[in-house]
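Right, one structure below, let's go through it.
The values are calculated or read from the model by the stated rules, or taken from the named source; none is laboratory data. Remember, predicted model here, so these are calculated numbers, not experimental data. Using ideal geometry, Cβ is built from the backbone for each residue, glycine included, and neighbour counts are taken over all protein chains shown.
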Amino acid sequence: MKSKPDARLLAAATAAVVVGAFFYAAIGAALGPYSPAPLVLARMLVVSAAVGLYAAASGMRLPETRDLPAVAAAGFFAFALYNVALNHGQLTVIAGAASLIVASIPLFASLLAVVLLGEHLGLRGWSGLAVGFCGVALITLGEEGASGSTGGRSSCSCRSKAVSSLLSRGQGFLSSLDPSSSPYSQTS
C-alpha cells in the first residue's frame, strides 16, 4: 500500500529546490554592489528575523545552557566563516562552479569524521573521496583565471560547513536539541 506524500513536505522540498537553484547566481549578482562580509551580514539579518518570527510563533524551545558553546561554534563555522568564504570564492568563481565545489561538503565531513571521531572508511569510501576531490580540483583548475586562493576560499567554506555538521551530529554536542524541530543544527 502506497502512502500519499505529505503536501507540506512536498511544498517545502519544492521551495528548497527552487530557491537553491537561484542561490549561487543571486550571490554572484549581489557581489557587484556589496562586498562579501556586508552581504553575509545582510543575508543573516534577514534569515535571523525570519527564524526569530518562526521561533516565537511556534514556541520553539531555546538550547540548554550547556549547549551554547557548541551552538556558538556551529554558528561560527556554518554561518560566519562558511558564508564569507563562499562569497569571497564567488568573486572569481562562477555560480555553477561554486555550487559544485560546495557540494563537496560531505567529502570534507567524511575526512573530519575519520580524523576527529575515529570513523573508518573502507576501500570504497576512500576511492569515493579520491574521485570526489579530483572532481573538485578539476572544477577549480578549470575556472578561467582561477588562482590558488580561489580554490582555497571555496574549500574553506566547505571545511567550515563540514565542521559545523560534525558539531551538530552528536558525540555530546547539541545533545538536547531535536534537529527535526529546530533550526539550530543546519540552517544556512
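Computed values, structure above
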{"read-out": "Residue within the range 81-103 that is over 23 Å from ALA30 (Cα atoms) and assigned to a helix (DSSP H, G or I) present", "value": "no"}
{"read-out": "All positions within the range 104-136 that are at pLDDT 85 or above and assigned to a loop (DSSP other than H, G, I, E, B)", "value": "GLY118, GLU119, HIS120, LEU121, GLY122"}
{"read-out": "Pairs where the first residue, in the range 9-32, is surrounded by 10 or more Cβ atoms within 10 Å (Cβ to Cβ) and among the aromatic types (Phe, Trp, Tyr) and the second is modelled with pLDDT under 85 and not in a helix (DSSP H, G or I), C-beta under 8 Å, 6+ apart", "value": "TYR24/GLN90"}
{"read-out": "Test: residue in the range 108-115 that is exposed (fewer than 12 other Cβ atoms within 10 Å of the Cβ) and of a type in the set (A, V, I, L, M, F, W, C)", "value": "yes"}
{"read-out": "Positions within the range 62-80 being outside any helix (DSSP H, G or I) and modelled with pLDDT under 85, in sequence order", "value": "LEU62, PRO63"}
{"read-out": "Members of the range 79-135 that are over 18 Å from PHE23 (Cβ atoms), without any contact (Cβ under 8 Å) to a residue 12 or more places away in the chain and aliphatic (A, V, I, L, M)", "value": "VAL114, VAL115, LEU121, LEU123, ALA130, VAL131"}
{"read-out": "Complete set of residues in the range 50-95 that are within 16 Å of the chain's Cα centre (by Cα) and surrounded by fewer than 14 Cβ atoms within 10 Å (Cβ to Cβ)", "value": "ALA72"}
{"read-out": "Check on SER99, closer than 24 Å to GLY132 by Cα and either modelled with pLDDT of 85 or more or not aliphatic (A, V, I, L, M) (or both)", "value": "yes"}
